[in-house]
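Have a look at the structure below before the remarks.
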Amino acid sequence: MQVYFSHSYRDVAVNGYFIDKFANEDLPLRADQKTDIWCVAKLERYLSEMRGFISVIPCRPTDADLGGYSPYIGRELDLARRARVPRLLFVDERVLRHHQLEFPEDAVSFKADEPAEAAGQHDEAIRAFRLALETTVRPERQLSKEAIVVAAGTGTLRDAARDVVEILRRADSARCRPPFRNDLAHRSDLISPAIPR
């Protein structure tokens, strides 16, 4: 059982505090490597493979938003929400105060300068989350072998799209529906999300 760990690499002390607690409950974590490139497909794959999602959300105040937080963590939260993966969120109290409606009711707050003040609450939340993961069967996700190729109706992009469709057909890795038409802008029914909503 692995759990995806969403966090900020800059907050070493806060991360260390929570990582010790996860280790005490024997929760194996997996995190994305620190990089300047944010790859949605890689995160979607992680979320489809993991049993749960834990996020530690520190405050990133700005002049415009005293309770701001990392937009990258925000995107990871959105992906986890869309994937409907079980989540446990530890949120800096300043972030919760300014953005309460952006988090579920069971988000657990912490003080950045003294997270151990609420150690009992944190321990209880982690134990409950671990129990939920152990007792909830997550249905295996069947990956579809269907692809939809969408490209402009003229020129180089159309030719490239035809080549991609042909490569996929020859590899027998996907059934393709190539809609080579100029009126695709209104055909949202042809496009399905990578992660189920």
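Here are a few things to note about the model shown:
- Test: residue in the range 89-107 that is at pLDDT 85 or above, part of a helix (DSSP H, G or I) and of a type in the set (Phe, Trp, Tyr): no
- Across the range 44-61, the qualifying residues are those that are touching a strand residue (DSSP E or B) at 6+ places or on another chain (Cβ under 7 Å) and assigned to a helix (DSSP H, G or I), and the one among them that is nearest to Leu96 (Cα to Cα) is Leu47.
- Test: residue in the range 23-40 that is modelled with pLDDT of 95 or more, basic (Lys, Arg) and either part of a helix (DSSP H, G or I) or open to solvent by 10 Å² or more (accessible area, probe 1.4 Å) (or both): no
- Within the range 62-77, the set of residues being in a helix (DSSP H, G or I) and either modelled with pLDDT under 80 or open to solvent by less than 70 Å² (accessible area, probe 1.4 Å) (or both) comprises Ile73, Gly74, Glu76, Leu77.
- Those residues of the range 72-91 which are in contact (Cβ under 8 Å) with a residue 40 or more places away in the chain and more than 19 Å from Ala128 (Cα to Cα), in sequence order: Ile73, Glu76, Leu77, Leu79, Arg82, Ala83
- Pick from the range 160-177, criterion more than 11 Å from Val150 (Cα to Cα) and outside any helix (DSSP H, G or I), ranking: modelled with the lowest pLDDT: Ala174
- Among the residues making up the range 92-109, those that are open to solvent by less than 80 Å² (accessible area, probe 1.4 Å) and touching a Pro at 6+ places or on another chain (Cβ under 9 Å) are Asp92, Val95.
- Here Phe53 fulfils each of the conditions (1) in contact (Cβ under 8 Å) with a residue 60 or more places away in the chain; (2) closer than 16 Å to Ala125 by Cα; (3) buried (at least 19 other Cβ atoms within 10 Å of the Cβ) apart from (1).
- Meets criteria (open to solvent by 50 Å² or more (accessible area, probe 1.4 Å) and either in contact (Cβ under 8 Å) with a residue 60 or more places away in the chain or in a loop (DSSP other than H, G, I, E, B) (or both)) for Ala112: no
- Scanning the range 57-84 for residues that are among the hydrophobic types (A, V, I, L, M, F, W, C) and within 24 Å of Tyr17 (Cα to Cα) returns Ile57, Cys59, Leu66, Ile73, Leu77, Ala80.
The values are calculated or read from the model by the stated rules, or taken from the named source; none is laboratory data. Predicted, not measured: the structure shown is a model, and the values here were computed from it. No Cβ is skipped: glycine too gets one built from the backbone with ideal geometry, and neighbour counts run over all protein chains shown. With ligands, DNA and RNA removed, areas are computed over all heavy atoms of the protein, side chains included. Shrake-Rupley method; radii C 1.70, N 1.55, O 1.52, S 1.80 Å.
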